[in-house]
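Following: one structure in structure tokens, then a few remarks.
The values are calculated or read from the model by the stated rules, or taken from the named source; none is laboratory data. All figures in this text were calculated on a predicted structure; none of them were measured in a lab. Neighbour counts run over all protein chains shown; Cβ positions are idealised from the backbone, glycine included. Each accessible area value is taken on the protein alone, full model and side chains, heavy atoms only, with ligands, DNA and RNA left out. Shrake-Rupley method; radii C 1.70, N 1.55, O 1.52, S 1.80 Å.
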Amino acid sequence: EPVIDINELKNLNILEKIEEGSKIPVLLEKIEDKNGDVLVSATKAQKIKGWRKLEVSFEKNEPIMGKITSKCKGGVIVEHIETGSLMFCPGSQISDTPLKDISHLMHEPQKFALIKLDKIRGNACVSRRQIISSSKKEDKSKIIEKYKVGDVIKDAVVKGYSSFGCFFGVNNGELDVLVHLQEISYSRINHPDEVFTIGEKHDLKVISIDNEKMQISCSIKALTPDPFENISNYEVGKTYKAKVIKVVDYGAFCELQPGLTCLLHSSEISWSKKNVSPSKFFKINDEVECVITDIDKEKKRVAISHKLAIENPYESFGKKYPVNSVLKGKISNIKDFSIYINIEEFDIDGFMHANDLSYSSKPDEEIKKYKKGDEIEVKVLEVKSEDQKIKFGVKQLKEDPFNIFKNKKVNDILTVKVKSTSSKGILVTPEGSDLDILIKKSQIAINQEDARSNRFIQGDRIDAAISEINVEKRKIVLSIKLLEEMQNKEAV
């Protein structure tokens, strides 16, 4: 008369059913243990009994009924309904599609396939996915039988794409078919996302059926004649209307006629805007005027340009404001040595270098006087419509103070006014000019003891001779020493 641990009966969920006279299977482990009792186990008996049934099902490759009782690391625990044996189902074998939530599957009786039995460890591994896939396989073969090569499938939905083609869902998703990259369009396409958007509907033509792999291949371009047969109707350099069918980061794909797809690159959208975002200019089904820039019959490629179909604003600007014209604009941007000025009338930006701000001041100091948004009057220095370039200047609005030296030559004498003195020499300004010229200490006097800048004070008017002059390079060197040498020579 052995004794069974009451916890075993609780774990087996049979404690409430047992009453005096009930019979339950047990495993005889020992006839006599150290206490002299007979040792039996109801849990182990059920496990062995259940294991034998699992072995039979595994050998016959039959599915078993089970229910998911709990989650564990890497998967779920499945209880065999018939015997109560616990089995492991990996997370990857729960379903044929990723599931974020499996609460609807918990404690529900369902079929599982036995995929592994470890007799030594007494472990069983099952799969729900195999049951689902096999039933779908049977259904899929029946569905494929409905189609034959040449059939046209209406309103197939774009489900996804890869580098080699696009996948479509047919008849409310009962079947997935592939349209290979080469079967999408007569024009060259690098990736399906250039012409398709998830959820779009398209008609497809069945071009091949593989009953072994249970795959159907379809074509979109087979539904229309090759548009490149009529490419002779189009000429490079002429303007045509094209319909936008797809907008991407680097441009827009347009149709000159159904099936004849061409690329409008982002660089060919606008004359004035750089790094254009095509989605801000176009939307699907827009009709845009464009000029064909290239036709490659071998590669079946057509390139178009929208900006060539509209007037170049740089040409329009050049006609209204030729070189030397004066106009007003607003500062749109300032960089280290340049200012960009927007001309609102033409929606274009012109460029002005810091060197063109002032004749006398240093460029890096002068540019600090300006800020973004300021209105500024400028003079047109250069217009290059082909390069989309306009150059402005501010200092050119005034007469170049260096012009007073145009008729001067070496040894000519100038009267200058002392502005300041330093250890380097004397800073002077010629009369009739606001240019600052430094007379170096070595050029102050013949006698070394007289070559002192402190001999002069601010406001002194003195004479000096031109020792070097280059009007083109805007360079002039003055010397009091040279003047003294000329005077001495004349005196002698």
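Report, by residue number, each residue of the range 90-109 that is open to solvent by 30 Å² or more (accessible area, probe 1.4 Å) and either in contact (Cβ under 8 Å) with a residue 40 or more places away in the chain or within 23 Å of LEU54 (Cβ to Cβ) (or both).
Matches in the range 90-109: GLY91, SER92, GLN93, ASP96, MET106, HIS107, GLU108, PRO109.
I'm trying to understand the selection: among the residues of the range 339-357, which are exposed (fewer than 15 other Cβ atoms within 10 Å of the Cβ) and small (Gly, Ala, Ser)?
Of everything in the range 339-357, nothing turns out to be exposed (fewer than 15 other Cβ atoms within 10 Å of the Cβ) and small (Gly, Ala, Ser).
Can you work out which of the residues in the range 260-270 that are open to solvent by less than 30 Å² (accessible area, probe 1.4 Å) and out of contact with any Phe, Trp or Tyr (no Cβ under 6 Å at 6 or more places or on another chain) is modelled with the highest pLDDT?
Of the residues in the range 260-270, the ones open to solvent by less than 30 Å² (accessible area, probe 1.4 Å) are 260-262, 264, 266, 269-270.
Subsequent filtering for residues that are out of contact with any Phe, Trp or Tyr (no Cβ under 6 Å at 6 or more places or on another chain) retains 260, 262, 264, 270.
On the way: LEU260: 79, CYS262: 85, LEU264: 89, SER270: 83.
It comes out as LEU264.
Tally time: how many residues in the range 417-451 are part of a loop (DSSP other than H, G, I, E, B) and either among the hydroxyl-bearing types (Ser, Thr, Tyr) or within 19 Å of ILE404 (Cβ to Cβ) (or both)? Even if it seems obvious, please write down each step before you answer.
Going residue by residue through the range 417-451, those that are part of a loop (DSSP other than H, G, I, E, B) are 423-424, 431-436, 444-447, 451.
From the residues that got through so far, the ones that are either among the hydroxyl-bearing types (Ser, Thr, Tyr) or within 19 Å of ILE404 (Cβ to Cβ) (or both) too are 423, 431-436.
So the answer is 7.
Could we say that GLU62 is of a type in the set (D, E, K, R) and under 23 Å from LYS44 (Cα atoms) here? Step through it out loud before you land on a result.
Details: of a type in the set (D, E, K, R): yes; under 23 Å from LYS44 (Cα atoms): no.
In short, no.
Do we have any residue at all in the range 95-104 that's among the hydroxyl-bearing types (Ser, Thr, Tyr) and in contact with a Leu (Cβ under 8 Å, 6 or more places away or on another chain)? Spell out the reasoning first.
Our first condition is that a residue be among the hydroxyl-bearing types (Ser, Thr, Tyr); within the range 95-104, this holds for 95, 97, 103.
Right, trim to in contact with a Leu (Cβ under 8 Å, 6 or more places away or on another chain) and you get none.
The answer is no; no qualifying residue exists.
Evaluate the following for LYS319: is it open to solvent by 80 Å² or more (accessible area, probe 1.4 Å), more than 20 Å from the chain's Cα centre (by Cα) and among the basic types (Lys, Arg)?
Numbers: open to solvent by 80 Å² or more (accessible area, probe 1.4 Å): yes; more than 20 Å from the chain's Cα centre (by Cα): yes; among the basic types (Lys, Arg): yes.
Considered against the rule, which asks whether it is open to solvent by 80 Å² or more (accessible area, probe 1.4 Å), more than 20 Å from the chain's Cα centre (by Cα) and among the basic types (Lys, Arg), LYS319 comes out as yes.
List, please: which pairs have Cβ atoms under 6 Å, are six or more places apart or on different chains, and start with a residue in the range 263-290 that is in a loop (DSSP other than H, G, I, E, B) and end with one that is open to solvent by 80 Å² or more (accessible area, probe 1.4 Å)?
Cβ pairs passing all conditions: ILE269/PHE281.
Do you know which residues across the range 280-299 are more than 23 Å from GLN388 (Cα to Cα) and open to solvent by 60 Å² or more (accessible area, probe 1.4 Å)?
Selection gives LYS283, ILE284, ASN285, GLU287, LYS297, GLU298, LYS299.
Restricting the range 370-417 to residues that are within 22 Å of TYR314 (Cβ to Cβ) and among the small types (Gly, Ala, Ser), which is modelled with the highest pLDDT?
Going through the qualifying residues, I end up with GLY393.
Checking GLU20 against (1) surrounded by 11 or more Cβ atoms within 10 Å (Cβ to Cβ); (2) over 55 Å from the mean Cα position of the chain (by Cα), which test does it fail?
(1)
Any residue in the range 328-335 that is of a type in the set (A, V, I, L, M, F, W, C), open to solvent by less than 40 Å² (accessible area, probe 1.4 Å), in contact with a Gly (Cβ under 7 Å, 6 or more places away or on another chain) and more than 30 Å from VAL288 (Cα to Cα)? Break it down into steps so the answer makes sense when it comes.
Taking the range 328-335 as the starting set, the residues that turn out to be of a type in the set (A, V, I, L, M, F, W, C) are 331, 334.
Checking the rest, the ones that are also open to solvent by less than 40 Å² (accessible area, probe 1.4 Å) come to 331.
Right, trim to in contact with a Gly (Cβ under 7 Å, 6 or more places away or on another chain) and you get 331.
Keeping just the survivors that are more than 30 Å from VAL288 (Cα to Cα) gives 331.
Checked the range 328-335: at least one residue is of a type in the set (A, V, I, L, M, F, W, C), open to solvent by less than 40 Å² (accessible area, probe 1.4 Å), in contact with a Gly (Cβ under 7 Å, 6 or more places away or on another chain) and more than 30 Å from VAL288 (Cα to Cα).
Among the residues of the range 231-245, how many are open to solvent by 70 Å² or more (accessible area, probe 1.4 Å) and either within 33 Å of the chain's Cα centre (by Cα) or among the polar types (S, T, N, Q) (or both)?
7
Pairs only if they're at least six apart or on different chains, beta carbon under 7 angstrom, first in the range 184-206 and over 19 Å from SER163 (Cβ atoms), second surrounded by fewer than 19 Cβ atoms within 10 Å (Cβ to Cβ) and modelled with pLDDT under 80; list them, first residue then second.
Close Cβ pairs satisfying both conditions: TYR186/ASP226; TYR186/PHE228; TYR186/GLY259; TYR186/LYS300.
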